[in-house]
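Only one structure is covered here, and it is reproduced in the block below.
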Amino acid sequence: MTDYGYTVEAVKATSIPSDEIDKTFRSSTIDLVSAALGGKVLGYSDQWFAEADNLINPAAPIRQPGKMVYTGAWYDGWETRRHNTEPFDWVVIRLGVASGTVEGVEVDTAFFSGNHAPAISVEGCFSQNDDEVLSWKGERGNWEPILSIEECGPSQRFGWKLDAPTQKQYTHVRLNMYPDGGIARFRLFGHAVPVFPDDTEAVFDLAAAQNGGVAISCSDQHFGTKDNLILPGRGKDMGDGWETARSRGKGHIDWTIIRLGAAGYIQNFIVDTAHFRGNYPQQVKLEAIEWKGDSEPGPDAEGWVQVAEPIKCKPDLEHPAESLVKDKAFTHVKLIIVPDGGVKRLRVFAKRAV
């Protein structure tokens, strides 16, 4: 490995092939720095050619050949100037959750070729003071290693799974790029560590990604990923919801299973079809399960129970539903749409089972 003039303590991690990254992380973790979740770029060493905010865009990077801007060719990513005199360029990002533990990292250099990042590392810290974190700039500060220096290459997705997920919680990360160049996207896969209210009677959304919820599986996500269901807000268009392919067979249904951030006594639901106006489901059903198995429950696992009356859906609307079972703790919720279509968000309001 090249001596880049800045050492990062060795962290054991396994390289993940590009076509295995989604399968490795998307069913069990969330992207802790995604802008859709509330991740925010707080500062950077340089962004002359392309803005650092692009790194945390949840959408796949795009290319527009021939498009030129004041600084040169347009790129959908973060690109710094040549001939950096420091060991690395850097971006500081505050996680979109209260704090989180990390299982893996993805760096995508899509469309950067000849100007791509030669190598990267990732460091983290726990702090409630953004200004203090930014004051460290490219210095050691209180940063701790999450991923050691790893080599990159042109126009490719690179993934690394930590051999041992971090035990410490982080609020901020610093992506270091040695010595300069371009990166299209940065993903930090892990688990939200929420701050639950002390009041055990408090009702809040246990499906929300910020509260540790994870969409673990689904029947189909042709037009929009299941992970969008548990994001904050009501989104901006149909592209940031869960949408399945059109079905043609009689009796078809689609489904998504969400693991709640903690076991809870469900009080009520909201199923939101915001922006889905000609492709919302005809009907929605909700089931839940208290799962104690080692692996995650499948759609046909024994123990699923109906927890709401079927909902006849309407376009672009929040549909509230009362829970039919408020005295039993559940760990997972299954959203069933009949026969197919799109849903923007699912809220599962519950009291945490302590």
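The values are calculated or read from the model by the stated rules, or taken from the named source; none is laboratory data. For clarity, every value in this text was computed on a predicted model and none was experimentally measured. When we count neighbours, we look across all protein chains shown, and the Cβ atoms used for this are built from the backbone with ideal geometry, even at glycine.
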> Could you list, in sequence order, the residues of region 196-240 that are small (Gly, Ala, Ser), part of a loop (DSSP other than H, G, I, E, B) and within 17 Å of the chain's Cα centre (by Cα)?
Replying inline: 207, 208, 212, 213, 233, 235
> Can you tell which of 3, 46 is assigned to a loop (DSSP other than H, G, I, E, B), within 29 Å of residue 132 (Cα to Cα), modelled with pLDDT under 95 and more than 23 Å from the chain's Cα centre (by Cα)?
Replying inline: 3
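Can you confirm whether region 281-289 contains a residue that is more than 26 Å from residue 245 (Cα to Cα) and in the same structural domain as residue 232 (by TED's automatic domain parsing)? Steps first, answer last, please.
Taking region 281-289 first, the residues more than 26 Å from residue 245 (Cα to Cα) are 289.
Still in the running and in the same structural domain as residue 232 (by TED's automatic domain parsing): 289.
Yes: region 281-289 contains one or more residues that are more than 26 Å from residue 245 (Cα to Cα) and in the same structural domain as residue 232 (by TED's automatic domain parsing).
Would you pick out the residues in region 169-184 that are assigned to a loop (DSSP other than H, G, I, E, B) and surrounded by 24 or more Cβ atoms within 10 Å (Cβ to Cβ)?
From region 169-184, those assigned to a loop (DSSP other than H, G, I, E, B) are 169, 171, 179-181, 184; that's our starting set.
Result: 181, 184.
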> Under 6 Å by Cβ, and 6 or more places apart or on different chains, what pairs join a residue from region 70-87 that is in the same structural domain as residue 155 (by TED's automatic domain parsing) and part of a strand (DSSP E or B) with one that is among the aliphatic types (A, V, I, L, M) and buried (at least 21 other Cβ atoms within 10 Å of the Cβ)?
Replying inline: 78/50; 78/52; 78/55; 78/183; 79/50
>> Pairs please, first residue from region 42-60 and of a type in the set (Val, Ile, Thr), second anywhere and assigned to a strand (DSSP E or B) and crowded, with 17+ Cβ neighbours inside 10 Å, Cβ atoms under 8 Å, 6+ apart in sequence or on different chains.
In response: 56/41; 56/93; 56/185; 56/186
